[in-house]
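> The structure follows.
What follows draws every value from the coordinates through simple rules; no lab data is involved. Quantities reported herein were computed from a predicted structural model and do not represent experimental measurements. We place every Cβ from the backbone using ideal geometry, glycine too, and count neighbours over all the protein chains shown.
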Amino acid sequence: MRTEKLLAPSILSADFSKLGEEIKIAEEAGADIIHLDIMDGRYVPNITFGIPVIEKIRKITDLPFDAHLMIVEPEKYVEDFIKAGVNMISFHMDATIHSHRLVDKIKKLGAKAGIVLNPATPVSTLEEIIHYIDYVLIMSVNPGFGGQKFIPETLKKVSKLKKLMKETNREDVLIEIDGGINVDNINAISKEGVNIFVSGSAVFKGNIKENIKKLKEGMYVF
């Protein structure tokens, strides 16, 4: 996994009637990762897609797949997701009983393991697991639906997380952010030290190639 700034379009906002086509357009435009929002209707009040869709789209792109599991008991399904072609898996610690065991399982199966922080979840919850994970996904909206507005207060978590990473000698942990990321705020967010930017509506609504071009410019122009 490269450590420069990476754009991860969320296909939750894509047109599913031409999903493969839109993923290829995003890849050709410079997308670095494909973000998969997996919802079960229990952990969050929405249901999206699962293994069969991932297996199909895995055949059309070599980009890394980053699955954000908004599901209860994710430990039951991570092996199937990885077999389907997922390269990164993040989960919510309040959705499973043994987070450390699940992180270990994900990594032993050959994928990167991440922890998700909801807007109301403090960075301090990572203190006992920061030594084992590869990345942290900071939610800048409440999970469950696409197209929401960025919650500005969540950006403060980035500096708190970077402080924790320094204190624990884990400055190699990648910081990912998801929710309401667009051309108007991506530059300010990037300045805080975020590595991976998840964006759905700002990528797939309108001209995908032009949208990605503008977002990637914003990631680097300070």
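> Looking at the chain, send over the antiparallel percent of its DSSP beta bridges, to the nearest 5. Walk me through the intermediate numbers first.
Numbers: 1 of 32 bridges.
Approximately 5 percent, going by the DSSP bridge assignments.
> The stretch 100-170 to the stretch 4-37: how many Å between their Cα centroids?
The two parts, judged by their Cα centres, are 22 Å apart.
> While we're on this one: What distance in nm separates the two pseudo spin-label positions at Asp15 and Glu192, each 7 Å out from Cα along the beta-carbon direction?
So the two model labels end up 3.3 nm from each other.
> Sequence gap of 8 or more, or different chains, plus Cα separation below 21 Å: how many lysine pairs satisfy both in the stretch 139-215?
For the stretch 139-215, qualifying lysine pairs total 16.
> Take His131, His68 and order them by how many other Cβ atoms sit within 10 Å, fewest up front. Walk me through the numbers on the way to the answer.
Numbers: His131 13, His68 26.
Least to most surrounded, the residues fall as His131, His68.
> Could you calculate the FRET efficiency of Lys160 with Leu109 from 1/(1 + (r/R0)^6), where r is the beta carbon distance between them and R0 is 35 Å, rounded to 0.05? Don't skip to the answer; put the middle values down first.
Details: r = 30 Å, r/R0 = 0.86.
Approximately 0.70, to the nearest 0.05.
> Grab the DSSP H runs of the chain that are 4 residues or longer, score each as -39,500 (n - 2.57), total them, divide by all residues and round the 222 nm result to the nearest 500 deg cm²/dmol.
Dividing the helical sum by the residues of the chain leaves -9000 deg cm²/dmol.
> A further question follows. Return the Cα extents of the stretch 6-220 along principal axes one, two and three, sorted largest first, each rounded to a whole Å.
On the principal axes, the stretch 6-220 reaches 43, 37, 29 Å in Cα extent.
> Normalising by the residue count of the stretch 6-220, find the relative contact order in percent from Cα pairs under 8 Å and 6+ residues apart.
Working: 407 pairs, mean separation 46.3, N = 215.
Dividing the mean separation by the residue count of the stretch 6-220 yields 22 percent.
> Which residue fluctuates the most in the chain, going by a Gaussian network model with Cα springs under 10 Å, if the choices are Lys56, Lys149, Lys18?
Judging by the Gaussian network model, the answer is Lys18.
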